[in-house]
Amino acid sequence: MTTTAPRDPPVGITLPGLVIAVALIGDALIYVVLPLYHQEFGVSLAMVGVLLSLNRWIRLLANSAVAHLGDRIGPHRLMIAAAAGSIVSTSLYGLADSAALQIVARCLWGISFAALNLSSLAYAVNDRANAGKRVGLVRAMIGVVQIMALVGGAWLVLQVGPRHVFVIFGAVTSLALVVALLLPRLPREPSTAQGFKLPIPHKLEIWGFMLGFAGDGVFLLTLALLMKDSITSVAPVLATAMLLALRWLVEITTGPLGGWIGDRFGVRRISIVNGMLLVAGFGLIALDHEVAGALLIVMTRGMFNALIPVLVIERGHGGVLSSQASYSTWRDFGAAIGPLSAPWLFLNVPQTALYAVLAAALALSAYVCLVRR
């Protein structure tokens, strides 16, 4: 009689989740602070849009290269290097006084986040049976830390100034490196990677592009433009931070729920329903129901952040890291184009037409990429 060697117990997800959550605090706050205080950072308003999308463009190249590096050195070492990069980039936001150095900081952060994202997902899916729930828990941990960073960081801006707050956050980000050093090592998976290459898009990559363009790009930027004049009772930096914190609050509640539902009832089925609700949210904004539509979009985006990584594993065309990297690359592509095109679209295309076209494009993409096998 043959016996099967017992598998090692799954690695806990708390520490990997804490690493990426803390490492993200500088990037979360820069979206609030830089547009309002760009002159104090030595950059023009036009450069702000470039800087805020630059990390996405860097990740387009970095995702595949980082996945290949992760296959060679393992998720543990990859996360340590990424945590160190997040310390440097966050501190540079506050110390740099020129566009050139800010560009360096954003490029470094783009590479660091690619490594953080892929390595944390590798830890999350270490327990395949509960992968959705574990990804959802990571998203929830990120959300809790981001809410504290956004609201606390905005308050600190009013107390110490917009640049000093990033020096403080750089010191706080050191906690991510300490935790990363404590992480256990994961076994290396066989890799089919052949060095750096841009991934060929499959169905899920196409869906990721549309979700990045419409949800991460056009929606978030035009939402801020639509609502920036609606909140006048508090300082603009605090109002903007509270708006973004509300988004994370919704993701905290919907992320773990979406992961659990996906594990229990099938991730593909729940993704289809979630995609229909996302389309409905864009349709509501097209019909001038901005608040209801925005809430629906935010909730469904939170659900997708937990569902999609599991769906990518089920339909993957390679190893865990390479499959996640391929999807992340195309979502980043959409999210990089979205912020650059959104201001022109917002100023030249009526809101009803813009969001109606986005809803139709998302509906077609959901049918082709999620419904059809």
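Each row is one residue, and each column tells you yes or no for (1) open to solvent by less than 10 Å² (accessible area, probe 1.4 Å); (2) aromatic (F, W, Y); (3) touching a Phe, Trp or Tyr at 6+ places or on another chain (Cβ under 8 Å).
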position	(1), (2), (3)
N63	yes, no, no
H68	no, no, yes
R72	no, no, no
A99	no, no, no
C107	no, no, no
G110	yes, no, yes
A114	yes, no, no
Out of (1) at pLDDT 80 or above; (2) surrounded by 21 or more Cβ atoms within 10 Å (Cβ to Cβ), the odd one out for V267 is which? (1)
Is there a residue in region 61-83 that is under 28 Å from L36 (Cα atoms) and among the polar types (S, T, N, Q)? no
Hits in region 351-373 (condition: closer than 16 Å to F219 by Cβ and either open to solvent by 20 Å² or more (accessible area, probe 1.4 Å) or without any contact (Cβ under 8 Å) to a residue 60 or more places away in the chain (or both)): Q351, T352, A353, A356, V357, A360, A361, A363
Failed item in (1) at pLDDT below 80; (2) under 16 Å from L362 (Cα atoms); (3) surrounded by fewer than 17 Cβ atoms within 10 Å (Cβ to Cβ), with R315 passing the rest: (2)
Select from region 39-49 the residues that are modelled with pLDDT under 85 and not polar (S, T, N, Q) and write down the one among them that is least open to solvent (accessible area, probe 1.4 Å). V48
Identify the residue in region 142-185 that is in contact with a Pro (Cβ under 9 Å, 6 or more places away or on another chain) and not in a helix (DSSP H, G or I) and, among all such residues, is most open to solvent (accessible area, probe 1.4 Å). R185
Among the residues of region 338-350, write down those that are open to solvent by less than 50 Å² (accessible area, probe 1.4 Å) and at pLDDT 80 or above. G338, S341, L345, V349
Matching residues in region 62-94 - criterion: being under 15 Å from L29 (Cα atoms) and not hydroxyl-bearing (S, T, Y): I87, L92, G94
Mind checking which residues of region 199-252 are modelled with pLDDT under 70 and under 14 Å from the mean Cα position of the chain (by Cα)? E251
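The values are calculated or read from the model by the stated rules, or taken from the named source; none is laboratory data. Note that the structure is predicted; figures quoted are calculated from it, not measured. All Cβ positions, even for glycine, are placed from backbone atoms using ideal geometry, and neighbour counts span all protein chains on display. Protein only, heavy atoms only, side chains kept; ligands, DNA and RNA dropped before computing areas. Shrake-Rupley method; radii C 1.70, N 1.55, O 1.52, S 1.80 Å.
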